Amino acid sequence: MSMAYEEYMKQLVKPMREELTQAGFQELRTEEEVESFLEEAEGTTLVVINSVCGCAAGLARPAVTQALITHDKEPDHLVTVFAGQDREATAKMRNHFPDYEPSSPSIVLLKEGRVAHFIPREEIEDHSVEDIVENIKGAMDLHC
């Protein structure tokens, strides 16, 4: 890939990354960061597999941030990886969800490192933000 393409993509996804980091998510950009985080994390972790697609921009990211600011219960940790941008980190994170097909975007609630709740693209795309918020809140009620 050309350097111009790489720089264009960095600039294009910057606000998409910031939407989650400004909401308190820790961005994991390398395999090592993912592995280190997962080895040390205890309790519950909300993972967002971020993406450039419209359903990430119009549904997943707004639903996650809204669920967090409007709900009493929260996971112990908030992390994100960016599919298509940080490929190795995303693949390493997905290795921890072996029973689920890769899905971008997706929202995963881990409890003690195991999947407690998985929201794939099919439960994001063509759903309302409100429905996704309720799905996330329901998972947090059960597991946080």
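Read-outs: derived from the displayed coordinates by stated rules, not from any lab. Note that the coordinates shown come from a computational prediction; the quantities given were computed from them, not determined experimentally. Please note: Cβ atoms are built from the backbone with ideal geometry, for glycine as well, and neighbour counts cover all protein chains shown.
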Can you give the translational diffusion coefficient of region 26-72 in µm²/s, computed by Stokes-Einstein from the Kirkwood radius over Cα pairs at 10 °C and 1.306 mPa s? 128 µm²/s
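How large is the Kirkwood hydrodynamic radius of the chain, in angstrom, based on all distinct alpha carbon pairs?
Details: mean 1/r = 0.0661 Å⁻¹.
After inverting the mean inverse Cα-Cα distance, the result is 15.1 Å.
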Protection-proxy order for peptides 101-109, 38-46, each taking the mean of Cβ atoms within 10 Å per residue, highest first: 101-109, 38-46
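Taking the highest mean first, how do the peptides 56-68, 110-122 order by number of other beta carbon atoms within 10 angstrom per residue? Mind showing how you got there, number by number?
Details: 56-68: 21.2, 110-122: 16.6.
Listed from highest to lowest mean packing, they are 56-68, 110-122.
Pop the C-beta distance of residue 134 and residue 114 into the FRET formula with R0 = 30 Å and round what comes out to the nearest 0.05.
Numbers: r = 23 Å, r/R0 = 0.77.
With a Förster radius of 30 Å, E is 0.85.
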Mind listing the phi-derived Karplus ³J(HN,Hα) values for region 9-18, rounded to whole Hz, using 6.51, -1.76 and 1.60 with θ = phi - 60°, and x for any glycine or proline? 5, 4, 5, 4, 8, 3, x, 5, 5, 5
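Taking 0.36 nm per residue of sequence separation and subtracting the Cα-Cα distance, how much length would be gained by fully extending the chain between residue 32 and residue 71, in nm to one decimal?
Working: separation 39, 0.36 × 39 = 14.04 nm, distance 3.16 nm.
Fully extending the segment from residue 32 to residue 71 adds 10.9 nm.
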With equal scatterers on the alpha carbons only and no solvent term, can you work out the Debye log10 of I(q)/I(0) for region 63-144 at 0.20, 0.27 1/Å? -0.97, -1.49
